[in-house]
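Notes follow once the structure below has been shown.
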Amino acid sequence: MSEAHTIPTVPLRGGVEIPQLGFGVFQVPPQDTADVATRALLAGYRHIDTAAGYRNEAGVGQAIHAAGLQRDEVFITTKLHNDHHLQAEDALKHSLGQLELEHVDLYLIHWPVPAH
């Protein structure tokens, strides 16, 4: 995978396209995330999947900067932590701060907790 344009995308609502192939950082230790995610971006990945619960969003943000990519060149997914369903807006702001981004491309409920 040497060029991002070779990765097919799937259209989402609102004219957004998500790369079909993404790099997930689940279980990547926070201290290793920046290096690992930078390597993925340099290898051609253009979708990084993280979550507040992984505690490594900051490393993903650092990787985007380290790879020298513009914000519109990478698709970022992160997820709302289970304990923050009632504070989703504040949780998103915290994630954006960790990622050092003004927006994410996809924000998911990590694990629906109907009891809350």
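The values are calculated or read from the model by the stated rules, or taken from the named source; none is laboratory data. Note that the structure is predicted; figures quoted are calculated from it, not measured. FYI the Cβ positions are ideal-geometry reconstructions off the backbone, even for glycines, and counts take in every protein chain you see. Note: accessible area is taken over every heavy atom of the protein model, side chains too, but ligands, DNA and RNA are not part of it. Shrake-Rupley method; radii C 1.70, N 1.55, O 1.52, S 1.80 Å.
Of the candidates VAL113, VAL28, VAL74, the single residue that is out of contact with any strand residue (DSSP E or B) (no Cβ under 8 Å at 6 or more places or on another chain) and surrounded by 17 or more Cβ atoms within 10 Å (Cβ to Cβ) is VAL28. Mind listing just one residue for me: the one in region 52-71 that is open to solvent by less than 20 Å² (accessible area, probe 1.4 Å) and out of contact with any Leu (no Cβ under 8 Å at 6 or more places or on another chain) and, of those, farthest from TRP111 (Cα to Cα)? Among those residues, the one meeting the criterion is GLY59. Here region 100-110 is the region considered, the condition is being surrounded by 11 or more Cβ atoms within 10 Å (Cβ to Cβ) and of a type in the set (D, E, K, R), and the residue that is farthest from THR78 (Cα to Cα) is GLU100.
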